[in-house]
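Each reported figure results from applying straightforward, stated rules to the coordinates on display, with no laboratory input. None of the values given here were measured: they were computed from a predicted structure. Cβ: placed from backbone, ideal geometry, glycine included. Neighbour counts: every protein chain shown.
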Amino acid sequence: MTQMVKQIIATALEDQQLRPQTLDEYIGQVEVKEALRIAIEAAKIRSLPIDHILVYGPPGMGKTTIAAMVAHEMGSKLWRTTGPAITSPRDLATIVASLQKGDVLFIDEIHRLSRAAEETLYPAMEDFRLHITLGKGLTAKAIEVPLAPFTLVGATTRAGMLTSPLRDRFGLVFRLGFYALPEIVQIIRRASRIYGTAVDGNQAETIAQRARGTPRIANRLLKRVIDYAVARNDGQVAEWVLEETFHLMKIDELGLDEMDRQLLVALARKYGGGPLGIETMCAILGEDRDTVEDVYEPYLIQSGLLERTARGRMLTEKAKRHLRLETQGTHALFP
Ligand code: ADP
């Protein structure tokens, strides 16, 4: 086995270990957890599958983890697919027809299901039935196929892009917002225990400040810090190890990377601080609209660097101060 393959396997195993399996291991999102706990207990008492669940929020917030936890807590099997992977109603019918009683079906990016596939899903979700049309024209015959009761967990970065008939068919709807700093610190400390590398409270906080309130980013930063420590400091995390890692990754103390800074600097220099339309933002970043709206913008808005107004996106005073700091010693952006 090559070193690379070994590394890929090791990373996959670590990722699996990192993913919380039970509600107790899932950090933060207290209200979501409480609602899930009640729904799971009730479903167990009734010996029925738990209601369909819709989870929405930016990437890396723990949506997939919720699907896996629900399956684990219910003692059922998890099946995973994505909206774009289901290309026809037939694909969807095949998937739901193969589910066993109580199985959890996770559909990521559910807002990207085709309309026809989505319509096949309605009766499947509502009455655990498939409506199938056999033949064409005058001889066409509609039949109904019963399905085993299952739980659908749908995930999306955009609740707004879901049609209301689909949204209305979910019994439980959860929004996962950015995690608070102490929660991210907890996530980092938990992951560091799994990795077997000591990270103290201050070090965890230094990493957490750069994690954009997102568990996946927190874990990724921690992994890079540990790699650096292993390669350069006998596996010991130290302040200079953190500094060097973030310097290499070009991540500043607010968690902004080069792309974020590029956007903010362009907004300041070329566009006088705004307002700026989404299309121009996409052009500056060289990214599509979904990525800009789902990945870049929410954090910049949440951290008070960007403001969304009716006329477009504006740079805030905080962003101006931050940029001024960033460029100290080189050239000032704002006189
Ligand atoms: P999403 O599906 O929203 O993109 P994931 O569920 O894949 O995000 O989560 C990304 C990673 O972050 C997971 O592998 C898991 O290790 C970690 N994670 C997510 N949410 C939590 C949480 N609440 N507590 C601890 N770790 C979490």
Q.
Could you work out the percent of alpha carbon pairs in the stretch 231-289 separated by over 15 Å, rounded to a whole number?
A. 60 percent
Q) Where the centre of each part is set by its Cα atoms, how far does the stretch 18-87 sit from the stretch 92-134, in angstrom? A) 18 Å
**Q.** Residues K318, K141, sorted so that the one with the fewest Cβ neighbours within 10 Å comes first
**A.** K141, K318
Q. Along the Cα-to-Cβ line of V145, 7 Å from the Cα, sits a label point; which residues in the stretch 86-102 have backbone N less than 12 Å from it?
A. 89-99
**Q.** Alpha-carbon gyration tensor eigenvalues x 5, square-rooted, for the chain, Å
**A.** 41, 27, 18
Q | 28 Å Cα-Cα reach of K320 towards lysines, excluding residues that sit fewer than 8 places from it in its own chain | A | K250, K270
Q) Stretch R90-Q17 to full length: gain in nm at 0.36 nm per residue minus the Cα-Cα span? A) 22.8 nm
Q) What order do you get for W79, W240 when you list them from fewest to most C-beta neighbours inside 10 Å? A) W240, W79
**Q.** Relative counts (whole %) of C-alpha pair distances in the stretch 180-328, using bins that are 5 Å wide
**A.** 2, 9, 19, 19, 16, 13, 10, 7, 3, 1, 0
Q.
Only four residue types carry charge here, +1 at the Cβ of Lys and Arg and -1 at the Cβ of Asp and Glu. Report the dipole size of the chain about the Cα centre in Debye, rounded to the nearest 20.
A. 460 debye
**Q.** Beta bridges by DSSP in the chain, antiparallel share as percent, to the nearest 5
**A.** 40 percent
Q | Contour excess over end-to-end distance, with Cα ends at A231 and K318 and 0.36 nm allotted per residue | A | 27.7 nm
Q) How much FRET efficiency would the formula 1/(1 + (r/R0)^6) give for E243 and A159, where r is the Cβ-Cβ distance and R0 is 35 Å, rounded to 0.05? A) 0.35
Q. Cα-based Rg (one decimal) and Dmax (whole number) for the stretch 181-249, in Å?
A. 10.5, 29
Q: Work through the residues other than L23 whose Cβ is under 11 Å from its Cβ and net out their charges, Lys, Arg +1 and Asp, Glu -1.
A: -3
Q: Provide, for the stretch 3-175, the number of lysine pairs with alpha carbons under 26 Å apart, each pair being eight or more places apart or on different chains.
A: 10
**Q.** Packing-based exposure ordering (other Cβ within 10 Å, fewest first) of M125, M259
**A.** M259, M125
